[in-house]
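Some notes on the structure that comes next.
The values are calculated or read from the model by the stated rules, or taken from the named source; none is laboratory data. Everything numeric in this text was worked out from a predicted model, so none of it was measured. All Cβ positions, even for glycine, are placed from backbone atoms using ideal geometry, and neighbour counts span all protein chains on display. Please note that ligands, DNA and RNA were not included when accessible areas were found on the heavy atoms of the full protein model with its side chains. Shrake-Rupley method; radii C 1.70, N 1.55, O 1.52, S 1.80 Å.
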There are 2 protein chains.
Amino acid sequence: MERRKFIGIGGGVVAGVALGAAGSSFGSGLATGGRLSAMAASHGLSGDEATAALQTAVPPGKYDPYYMFASGGHLGAVQVIGVPSMRLLKVIPVFGRDSFSGYGFGSDMGDGVLLGGSDPAKNAPLGWGDSHHPALSETAGQYDGRWLYINDRANGRIAMIDLADYKTRQIIDIPNTGSSHGMVVTPNSEYAQVSALTPRPTTADGYAPLESYADLYRGCSSWYHISPQTGRLVPEKSFQIELPPYSQDLADMGKLASYGFGFINSFNTELAVGGDLQKKPAPEVGATKNNFDYLHVIDWKQAEKVVAAGKYMMRNGMRVVPLSVAASEGILHLIPEPRNPHGVDVTPDGHYIVIAGKLDPHVTIFSIEKIKDAIAGKHYQGKDRYGVPIIPMDAALVTQVEVGAGPLHTQFDGKGNAYTSLFIDSAITKWTLGPKSGVTDKPFSFVKKVPVHYNIGHLAIPGGDTVKPDGKFMVALNKWSLDEVQKLGPSHPVNLELLDINSSSPKLLSSTPLGNSEPHYAQIINTDKLSPLKIYAAGTDPATMTKSQYAVTAGQERIERSGNVVDVYATLMRSHFTPDQIPATVGDTVRIHLTNIEATENATHTFSVPEYNIQATLDPGEALNVEFTVDRVGSFAFYCAQFCSALHMEMYGWLLVAPKGA
Amino acid sequence: MERRKFIGIGGGVVAGVALGAAGSSFGSGLATGGRLSAMAASHGLSGDEATAALQTAVPPGKYDPYYMFASGGHLGAVQVIGVPSMRLLKVIPVFGRDSFSGYGFGSDMGDGVLLGGSDPAKNAPLGWGDSHHPALSETAGQYDGRWLYINDRANGRIAMIDLADYKTRQIIDIPNTGSSHGMVVTPNSEYAQVSALTPRPTTADGYAPLESYADLYRGCSSWYHISPQTGRLVPEKSFQIELPPYSQDLADMGKLASYGFGFINSFNTELAVGGDLQKKPAPEVGATKNNFDYLHVIDWKQAEKVVAAGKYMMRNGMRVVPLSVAASEGILHLIPEPRNPHGVDVTPDGHYIVIAGKLDPHVTIFSIEKIKDAIAGKHYQGKDRYGVPIIPMDAALVTQVEVGAGPLHTQFDGKGNAYTSLFIDSAITKWTLGPKSGVTDKPFSFVKKVPVHYNIGHLAIPGGDTVKPDGKFMVALNKWSLDEVQKLGPSHPVNLELLDINSSSPKLLSSTPLGNSEPHYAQIINTDKLSPLKIYAAGTDPATMTKSQYAVTAGQERIERSGNVVDVYATLMRSHFTPDQIPATVGDTVRIHLTNIEATENATHTFSVPEYNIQATLDPGEALNVEFTVDRVGSFAFYCAQFCSALHMEMYGWLLVAPKGA
């Protein structure tokens, strides 16, 4: 199958360009040009609009060269969006149930993941999460297409998705962490780091009055070890670093020059706790009083050594480096940064750390060399109230670049440029990096501000968080879609805008209101790096990716009864279930061992049981188990909800739950 | 704001067309044509691909002229997709919870709808449904843009969505109905009809052994009265018609010439019940033995009279016309139709009823005039085993048209043509209607078969189910996306293909793999017909669309305690909650009365509580109530999950659940 090529000539081509390259399906250049301009004209498209439409088109049978892995925000999922077509190709449920994919509706795989983790009592009632910062696994600082990690901002959890089959394999609720925000992976996927957002009492029951906020509440940075074989998070090889009760916000990992360090922004160093009903300042006021908050600089290689030396405590099952140890052992340093920043982003070379000020029109640029020098020379301006050494801002500062109102997040194009989103300006400012990033002509200079539609949050460039960005496209994740859509009622979609950044001036290509979720952040990967399964080996249990002990092959289907337990060994194949009759008596426990025995790509089936809230989806080769107590008498027609064949309407069977004694 | 104009010149424009119409943003025609053809060439687009890209482009700031309301299949939702851009503009949760929109996560509106209906004991455990056939409300046979109805194929429910705010207002679980498939609205929205799919025992407990299938199981056609004022379904003004235990499949309503009649296809007139483990034929075999099944012809005007005359029984709270009465009173007639059909579709003029044969290469065309004549003349070939008179197929038949393998569903373009989807052929056949539809030249003739990508199910044309289709575009809802996407793992998205049907030969324009759901059917409406709210009047309870008795205005926020009940009257406004501290003691019942006091379009907020599974979303002006027992001790930072302002991170507060005696 032909793949798309993105030669990317930009918008500057003028009349008279040689048209012979157009290929055999074109007639003469003039004829084609006339046909296209006539269509554009009849359709009311300007020249720029028409050019953009051609640049973003992915015609039937061709493929998007990039996939964007976008968080779903309070949808709780991760989604795959093709770039440049911006089509929503897949939704991967993570923290919430999803009946389309059968996740969390009765089969052991999804239910097991959702109820997993270190605190099932916490997970049990949860039907949603707020998926925030997707982080693709990396090898040598580049996305390797193997795994994806994402945090739950609402409930302080972390999840691992296997890109072999695009399924969530693991959810862990993070001890000592009530919520979370910044989430990032180290350059060789050593760790997935999650920083708490709102601090949490360190009391045994997790409660403390707000009067004791400064004394009893603490922040937390969790470093989850990633198994290099399976990608799973390994809590017993992980550790946490206790932090001051500031609100730790976004994070990024050092790479190359800054490898071994992690950086976490914070706000509310004022320790405001609200109280607006008592005329005290609400957090938006109380937490914005100070002119400076603190960038947290974490030496995670040093933390590893301290943990290995046993200088930790156990707290709710996790190894925790106490704040005092983190401060005294050189794990944690603070640097003043303009108040209430949002994003911290490390340049591809690792030399510069870029802080987006949010309430400051500048981005603030620190140098890892300067930071290292300050630490080595113990060049401190003192300590915070918790004893953490503070590096003077000037000692770390390279410069500031004025970018505009409300800077939030910065991405890089790999060609020496940075792009910072401006929430208040609804714009993106392109600016140049400095000499250590290879820019000596006009370093750290404002280049251009380009408008985007209302209120951009994050932005994403292919490879934008890696050592090697691929700066062809940029996606602006805009939060308000006012005027971009109409007649959809009071609830608006968010709006994704695609820009061409391959030429000197970023150019708007398309606008995609997206109505199913609010993607908070996204990473974009070249699809060449992905190599997922096409079908499962026969009888695969996706929880383990090995053959299920309950897998059934054609001809081996059976029903076994033992007391009140009915074991059903069933297969699914176009267009029938075997068995297609499941007799039971009310009160029985029914255990249905399902195997999709198709070996044809795309031949997915479901096992869907009316009134019993069972909706299991099985891809070709997949084996799942469904167990439930039949507590409702009746004749229930289970069926395949997937439109799998011409006779899909006939793909059903009967669960017959007889009353006792019938 | 400029709106798109679809002049629709088709693909036949040749070189030399006058380019002066292109507007001021173009340069000379040649220059523009050169620029466009150069971009197309560099991008590897053929002339047809490039033309299609231009025809489907909806650039930033312009609007889709059509919205497709597509069911979500086992996602359980309804979604709004812009045509021709095919962007997913909105997901409306219906039968499943949805944390993005806050539906079913603790606020009274969504939870109330989900738990509503006639059988809360049945609804309570359900977290999903299989939304199948969306039906827009109609006035004089045309979509009027007011309401939308949809059935739950899995659990036999029906829902009503108000297009004033695109929210699900009502779910009813249909008595005497275990599942459902065909769902359609009468031409003046008198009724929403849902036909059962798998029959259900008429026994009190809903159970009967399969040996008694013919005697005790029955099908059902439900006619829900629609309130002309509110659009709500009114069960006490509704009725059901008991049907034979065939599997009633898709349905359509008569219109104009056939107004007053309804038509329902069926399969499994063999009464097969499976038993493959005992070497009996599975339903796909057993239910396909007969060469003919039965079209059900229902005279619903006659049914109204019979019900008004009291000739019904009450069964589980519904007025039910017994099968014997339906047969004897002229309400129900059967007509043989080629075995296991899927779609039945009435032409815009109402004269012809088109049956798609599924296992027959023809569409079969009946005439309402012939049917009426047969009924008037009691021209029957006998009765089925349940006493229902059977009109001979020849008496109703106009003709058959050979369309290809696996015909499923037919739509009309309003210009005398029909389009039938072919699942097995993966194609659409265009054919002509007959003289009563204004076609006298080559009536009932095959015109052309156009390929679509694998395995089309339904298809949709704007206004395609109305008396006045708007035949510019056609969407093919293809079930398999093999080769259309890659590297997404074993689970494939479905694929929506957009075709131009404005010229003589349907032309493929775009392919949109859609990864969040399996849209089963869709209706497409011109957005001119929609006039939803932009914001709610201050303090609106969306359940009633009147002012909430709990609405709070700025300055009136308060906390009232009475025993173990804490009433919190709260407002949400960028970027704070008032109050931002909610103290409670474990075991308290907390009732939080929330009002979004924004009057700015798009200023949506959420009230999200960690660990408590609370996720309420409030659009501007909206008032909701959240009530829960605080059974977990701790300090929980509730927050707004919507990226609502530059200080959205600071929009949080504290729910403080103290232990008893603290």
From the options B:K289, B:K305, B:K311, B:K279, residue that is open to solvent by 10 Å² or more (accessible area, probe 1.4 Å) and on the phi > 0 side of the Ramachandran plot: B:K279
Among residues of region A:526-539, those that are open to solvent by less than 10 Å² (accessible area, probe 1.4 Å) and more than 7 Å from every other protein chain (Cβ to nearest Cβ), counted: 1
Qualifying residues in region B:418-443 (those that are touching a Phe, Trp or Tyr at 6+ places or on another chain (Cβ under 7 Å) and of a type in the set (A, V, I, L, M, F, W, C)) - the one surrounded by the most Cβ atoms within 10 Å (Cβ to Cβ): B:I428
Residue in region B:299-316 that is modelled with pLDDT under 95 and more than 11 Å from chain A (Cβ to nearest Cβ) present: yes
Given (1) under 17 Å from the mean Cα position of the chain (by Cα); (2) open to solvent by less than 10 Å² (accessible area, probe 1.4 Å); (3) not aliphatic (A, V, I, L, M), index of the condition B:P93 fails: (2)
Enumeration of residues in region B:459-476 that are in contact with a Phe, Trp or Tyr (Cβ under 7 Å, 6 or more places away or on another chain) and within 30 Å of A:Y166 (Cα to Cα): B:L459
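Being among the small types (G, A, S) and open to solvent by 10 Å² or more (accessible area, probe 1.4 Å) is the filter; apply it to region B:638-655 and report the residue that is nearest to the other protein chains (Cβ to nearest Cβ). Even if it seems obvious, please write down each step before you answer.
The initial filter retains those residues of region B:638-655 that are among the small types (G, A, S), namely B:641, B:645-646, B:653.
Restricting the remaining residues to those that are open to solvent by 10 Å² or more (accessible area, probe 1.4 Å) gives B:645-646.
Numbers: B:S645: 8, B:A646: 5 Å.
Only one residue fits best here, namely B:A646.
Might you let me know whether region A:492-504 holds any residue that is closer than 15 Å to A:Q523 by Cβ and without any contact (Cβ under 8 Å) to a residue 60 or more places away in the chain?
Taking region A:492-504 and keeping what is closer than 15 Å to A:Q523 by Cβ, we get A:496.
Still in the list and also without any contact (Cβ under 8 Å) to a residue 60 or more places away in the chain: none.
No: zero hits.
Within region A:161-189, can you find the residues that are of a type in the set (D, E, K, R) and touching a helix residue (DSSP H, G or I) at 6+ places or on another chain (Cβ under 8 Å)? Break it down stepwise before answering.
Just the residues of region A:161-189 that are of a type in the set (D, E, K, R), to begin with: A:162, A:165, A:167, A:169, A:173.
Once the filter is applied, which keeps residues that are of a type in the set (D, E, K, R) and touching a helix residue (DSSP H, G or I) at 6+ places or on another chain (Cβ under 8 Å), region A:161-189 yields A:K167, A:R169, A:D173.
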Residue list for region A:163-182, filter: within 16 Å of the chain's Cα centre (by Cα), under 18 Å from A:V320 (Cα atoms) and not β-branched (V, I, T): A:S179, A:S180
Residue list for region B:227-248, filter: within 19 Å of the chain's Cα centre (by Cα) and buried (at least 24 other Cβ atoms within 10 Å of the Cβ): B:L233, B:Q248
B:V285, sole failed condition from (1) within 14 Å of chain A (Cβ to nearest Cβ); (2) part of a loop (DSSP other than H, G, I, E, B): (2)
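Is it the case that some residue within region A:518-525 is in a loop (DSSP other than H, G, I, E, B), surrounded by 17 or more Cβ atoms within 10 Å (Cβ to Cβ), among the charged types (D, E, K, R) and touching a residue at least 12 places away in the same chain (Cβ under 8 Å)?
Filtering region A:518-525 down to residues in a loop (DSSP other than H, G, I, E, B) leaves A:518-521.
Then keep just the ones that are surrounded by 17 or more Cβ atoms within 10 Å (Cβ to Cβ); that gives A:518-521.
When the remaining residues are screened for being among the charged types (D, E, K, R), the result is A:518.
Okay, now just the ones that are also touching a residue at least 12 places away in the same chain (Cβ under 8 Å), so A:518.
Yes, because at least one residue in region A:518-525 is in a loop (DSSP other than H, G, I, E, B), surrounded by 17 or more Cβ atoms within 10 Å (Cβ to Cβ), among the charged types (D, E, K, R) and touching a residue at least 12 places away in the same chain (Cβ under 8 Å).
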Subset of region B:554-601 [away from chain A (no Cβ under 13 Å) and assigned to a loop (DSSP other than H, G, I, E, B)]: B:G563, B:N564, B:G587, B:D588, B:I597
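Is it the case that region B:378-395 has a residue that's part of a strand (DSSP E or B) and either surrounded by 23 or more Cβ atoms within 10 Å (Cβ to Cβ) or of a type in the set (V, I, T) (or both)?
Filtering region B:378-395 for residues part of a strand (DSSP E or B) gives B:383, B:389-390.
The next check asks that each one be either surrounded by 23 or more Cβ atoms within 10 Å (Cβ to Cβ) or of a type in the set (V, I, T) (or both); those that pass are B:390.
So far as region B:378-395 goes, yes, one or more of its residues are part of a strand (DSSP E or B) and either surrounded by 23 or more Cβ atoms within 10 Å (Cβ to Cβ) or of a type in the set (V, I, T) (or both).
In region B:326-364, which residue that is part of a loop (DSSP other than H, G, I, E, B) and polar (S, T, N, Q) is farthest from the other protein chains (Cβ to nearest Cβ)?
Here is the first cut: in region B:326-364, the ones part of a loop (DSSP other than H, G, I, E, B) are B:329-331, B:339-343, B:347-351, B:357-361.
Then drop every residue that is not polar (S, T, N, Q), which leaves B:340, B:347.
On the way: B:N340: 7, B:T347: 24 Å.
Filtering first and then ranking leaves B:T347.
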Candidate set: region A:106-156, residues that are under 15 Å from the mean Cα position of the chain (by Cα) and among the aliphatic types (A, V, I, L, M); chosen: the one farthest from A:I525 (Cα to Cα): A:A154
Flag if B:G274 is buried (at least 24 other Cβ atoms within 10 Å of the Cβ), over 30 Å from B:G416 (Cβ atoms) and touching a Lys or Arg at 6+ places or on another chain (Cβ under 9 Å): yes
Residue list for region A:187-211, filter: among the β-branched types (V, I, T) and surrounded by fewer than 24 Cβ atoms within 10 Å (Cβ to Cβ): A:T202, A:T203
Number of the exception - B:V452 against (1) surrounded by fewer than 24 Cβ atoms within 10 Å (Cβ to Cβ); (2) closer than 17 Å to B:F423 by Cα: (1)
Of residues in region A:221-268 being within 14 Å of chain B (Cβ to nearest Cβ), out of contact with any Ser or Thr (no Cβ under 7 Å at 6 or more places or on another chain) and in a strand (DSSP E or B), the one farthest from A:I353 (Cα to Cα): A:L250
Residue satisfying condition, being within 9 Å of chain A (Cβ to nearest Cβ) and either surrounded by 24 or more Cβ atoms within 10 Å (Cβ to Cβ) or not in a strand (DSSP E or B) (or both), within set B:K487, B:K468: B:K487
Single unsatisfied condition, B:T32 versus (1) facing chain A (nearest Cβ under 8 Å); (2) modelled with pLDDT of 95 or more: (2)
Tally of residues being outside any strand (DSSP E or B) and either surrounded by 24 or more Cβ atoms within 10 Å (Cβ to Cβ) or touching a His at 6+ places or on another chain (Cβ under 7 Å) (or both) across region B:59-83: 6
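Restricting to region B:471-484, and then to whatever is over 24 Å from B:A405 (Cβ atoms) and part of a loop (DSSP other than H, G, I, E, B), can you tell me which residue is least open to solvent (accessible area, probe 1.4 Å)?
Residues of region B:471-484 that are over 24 Å from B:A405 (Cβ atoms), as a first pass: B:471-473.
Going one step further and asking which of them are part of a loop (DSSP other than H, G, I, E, B), we end up with B:471-472.
Working: B:G471: 5, B:K472: 56 Å².
Filtering region B:471-484 for residues that are over 24 Å from B:A405 (Cβ atoms) and part of a loop (DSSP other than H, G, I, E, B), the one least open to solvent (accessible area, probe 1.4 Å) comes out as B:G471.
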Region A:595-619, subset touching a Ser or Thr at 6+ places or on another chain (Cβ under 8 Å) and among the aliphatic types (A, V, I, L, M), residue most open to solvent (accessible area, probe 1.4 Å): A:I597
